[in-house]
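**Student:** First the structure, then my questions, so here it is.
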Amino acid sequence: MFETSFITLFPEAFPGPLGVSILERARKEGIWNWETVDLRPFGLGKHKNVDAPPAGGGAGMVIRPDVASAAIESIDTADKHLVYLSPRGVPFTQSKAHQYAGGKGLVLFCGRFEGLDQRAIDAHGLEEVSMGDYVLAGGEVAAMAMVEAVVRLLPGVAGNEASLTDESFENGLLEHDQYTLPRQWGERGTPEVLLSGDHKRIEEWRFNSAKALTKERRPDLYAAYSKTHEFQPPETGDEHD
């Protein structure tokens, strides 16, 4: 079973979207499970303080390393990826989702305030991971998004696992345009090629659609894809005197 632990000051935020649809069904089937670890009981003093002012001065508060460490050490972290959700972390990608899905589970530290004392990050080898170039009030929403992306890749979770290979980012491109019933909707019709029954033409259309969308919306992805798949180095023949 793929075990997921969320260390958070707001356990009531969970499971959120993780408790519906295919993810909840997979949990009931024993494919994965989740738990919350409330950070507050590990706090210090009468008021269970978990934070303190930043060393060197400045605005906000920072989560204490002793409090964070006590919470982390209360969990079985063996063979699990330990992640700290942070806007300064490495970008979360589909490739990383596959990496996490291939492990035994996840431990996700949901930050708050100005962040987590660096000593706790270093001591426990937390991997700082970012869900995007923006800042949230805390790591809970980011943690849920990450776990949804990972868990749906686990064997037996997706209803049609073949569909997982035909999605955005799986082949370096965004997903192609999609169409369904009705065949004609107002003045807009379904592309004829999709109704042709010619699977080779359909696949070619979908590939070209994916390339065009990626080039328009994510030129960074398209450039990386082109470098790998399209731009081949020129052949160099043998030179003779």
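**Student:** Taking the range 118-135, which residues are without any contact (Cβ under 8 Å) to a residue 40 or more places away in the chain and within 14 Å of Leu85 (Cβ to Cβ)?
**Tutor:** Matches in the range 118-135: Ile121 only.
**Student:** Examine the range 47-61 for a residue that is under 20 Å from the mean Cα position of the chain (by Cα), assigned by the TED database to the domain that holds Ala120 and either open to solvent by 30 Å² or more (accessible area, probe 1.4 Å) or of a type outside the set (Gly, Ala, Ser) (or both), and state whether such a residue exists.
**Tutor:** Of all residues in the range 47-61, those under 20 Å from the mean Cα position of the chain (by Cα) come to none.
No: the range 47-61 contains no residue that is under 20 Å from the mean Cα position of the chain (by Cα), assigned by the TED database to the domain that holds Ala120 and either open to solvent by 30 Å² or more (accessible area, probe 1.4 Å) or of a type outside the set (Gly, Ala, Ser) (or both).
**Student:** Inside the range 80-197, counting only strands (runs of 3 or more DSSP E) that do not spill past its ends, which hold 2 or more residues that are charged (D, E, K, R) and either within 30 Å of Asp66 (Cβ to Cβ) or not assigned by the TED database to the domain that holds Pro53 (or both)?
**Tutor:** On the way: elements: 81-91, 105-110, 127-130.
Result: 127-130.
**Student:** Would you check if Ile31 is open to solvent by 30 Å² or more (accessible area, probe 1.4 Å), touching a Lys or Arg at 6+ places or on another chain (Cβ under 8 Å) and over 20 Å from Phe113 (Cα atoms)? Quick ask: steps written out before the conclusion?
**Tutor:** Values: open to solvent by 30 Å² or more (accessible area, probe 1.4 Å): yes; touching a Lys or Arg at 6+ places or on another chain (Cβ under 8 Å): no; over 20 Å from Phe113 (Cα atoms): yes.
No: the conditions fail for Ile31.
**Student:** Name the single residue, out of those in the range 16-36 being within 17 Å of Val107 (Cβ to Cβ) and in contact (Cβ under 8 Å) with a residue 60 or more places away in the chain, that is nearest to the chain's Cα centre (by Cα). Full working, then the answer.
**Tutor:** Of the range 16-36, the ones within 17 Å of Val107 (Cβ to Cβ) are 18, 32-36.
Remaining after also requiring in contact (Cβ under 8 Å) with a residue 60 or more places away in the chain: 18, 32, 34.
Working: Leu18: 13, Trp32: 16, Trp34: 16 Å.
The selected residue is Leu18.
**Student:** Among the residues of the range 133-162, write down those that are within 13 Å of the chain's Cα centre (by Cα), open to solvent by 20 Å² or more (accessible area, probe 1.4 Å) and more than 22 Å from Lys28 (Cα to Cα).
**Tutor:** Val141
**Student:** Just a yes or no: is a residue in the range 37-46 among the charged types (D, E, K, R), assigned to a helix (DSSP H, G or I) and touching a residue at least 12 places away in the same chain (Cβ under 8 Å)? Step through it out loud before you land on a result.
**Tutor:** Step one: filter the range 37-46 for residues among the charged types (D, E, K, R), giving 38, 40, 46.
Going one step further and asking which of them are assigned to a helix (DSSP H, G or I), we end up with 40.
Those left that are additionally touching a residue at least 12 places away in the same chain (Cβ under 8 Å): 40.
The answer is yes; a qualifying residue exists.
**Student:** Of all the residues that make up the range 82-105, how many are under 21 Å from Met131 (Cβ atoms) and open to solvent by 50 Å² or more (accessible area, probe 1.4 Å)? Walk me through it before giving the result.
**Tutor:** First, pick out the residues of the range 82-105 that are under 21 Å from Met131 (Cβ atoms): 82-103, 105.
So of that shortlist, the ones also open to solvent by 50 Å² or more (accessible area, probe 1.4 Å) come out as 87-88, 90-91, 93, 95, 98-99, 102.
Final tally of qualifying residues: 9.
The values are calculated or read from the model by the stated rules, or taken from the named source; none is laboratory data. Computed from a predicted structure; not experimentally measured. Every residue, glycine among them, receives a Cβ derived from its backbone with ideal geometry; neighbour counts consider all protein chains shown. In case anyone asks, the SASA skips ligands and DNA or RNA and just uses the protein heavy atoms, side chains included. Shrake-Rupley method; radii C 1.70, N 1.55, O 1.52, S 1.80 Å.
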